[in-house]
Every structure is written in C-alpha cells, then in structure tokens.
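The values are calculated or read from the model by the stated rules, or taken from the named source; none is laboratory data. Please read all numbers here as calculations on a predicted model, not as lab measurements. Neighbour counts run over all protein chains shown; Cβ positions are idealised from the backbone, glycine included.
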Amino acid sequence: MLKTVYTKDAPAAIGPYSQAVISGDTVYLSGQIPIIPATGKIMEGDIAVQAEQVMQNIGHILKAAGTDYTKVLKTTCFLANMADFSAFNEVYGKYFTGKPARSCVAVKGLPKNVLVEVEVTAAL
C-alpha cells in the first residue's frame, strides 16, 4: 500500500504526481527543482543558489515523511550543464553528509529551464 506525502513547505506538484510516496520502510521523493514554495516561482540565480533551494525543498519533504538527510539511500541528480558539477557538489555535500549512493548526469533540459533537479530515495 502506498501512502502519499505532502507538505506546504515544499513546492506543490506541477503535474500528475506526488511530492513523495512511502512504500514499506522507504520513501521515494519526486525530483525537486528550485521552486520557492511560498510563491511557486523559480529561485533565480546560479547553480549554487538553485541547488540550495532544491536541498531545502528536499529537507521539508523528508521531514514530512518522517525521515531526514541521514537516512537517504540514493540520489539522482540532473544538471543542465556538467560545468556546474563542482559548484553543485559544494552545496550537495553540506546536506548529504552520509554520502548516499548517487548518479549525476547532464541533461538537455529540465522543467522550467532550471539548472538542477534532484530525486531522492530514503529509509524511514
């Protein structure tokens, strides 16, 4: 049985999906982009600024699910430009201190032309 996760402290889904779903002892977060929850607008700025907003959004969803960054098992990171990899890692490393498994790829484009999207799988 799946349980959906929702918090007003993270961006509402902009399509037919949930912020996250729980199955058993695992929570699966949908990819988060740098949307400011209060306004629904994109956080403007460079990769560090946008990554910071993404991490805050992820943190709020993890909390709503009853877990936190220390229990993250796997992340998948999408960058609009691999030249941003180092700057992205600086922000990423502040949050994912447990060093979960990760994939990081450059993509041709992301929703709303943002620079970064991150999806997360975590234990409860």
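The table below lists the values:
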read-out	value
Only listed residue being assigned to a strand (DSSP E or B) and either free of Cβ contacts under 8 Å to residues at least 24 places away in the same chain or among the hydroxyl-bearing types (Ser, Thr, Tyr) (or both), chosen from 76, 70	76
Residue match in region 32-50 (condition: of a type in the set (Asp, Glu), surrounded by fewer than 21 Cβ atoms within 10 Å (Cβ to Cβ) and farther than 23 Å from residue 92 by Cα)	no
So residue 66, is it small (Gly, Ala, Ser), surrounded by 15 or more Cβ atoms within 10 Å (Cβ to Cβ) and out of contact with any strand residue (DSSP E or B) (no Cβ under 7 Å at 6 or more places or on another chain)	no
Residue ID - nearest to residue 115 (Cα to Cα), chosen from residues in region 5-39 that are modelled with pLDDT of 95 or more and among the small types (Gly, Ala, Ser)	31
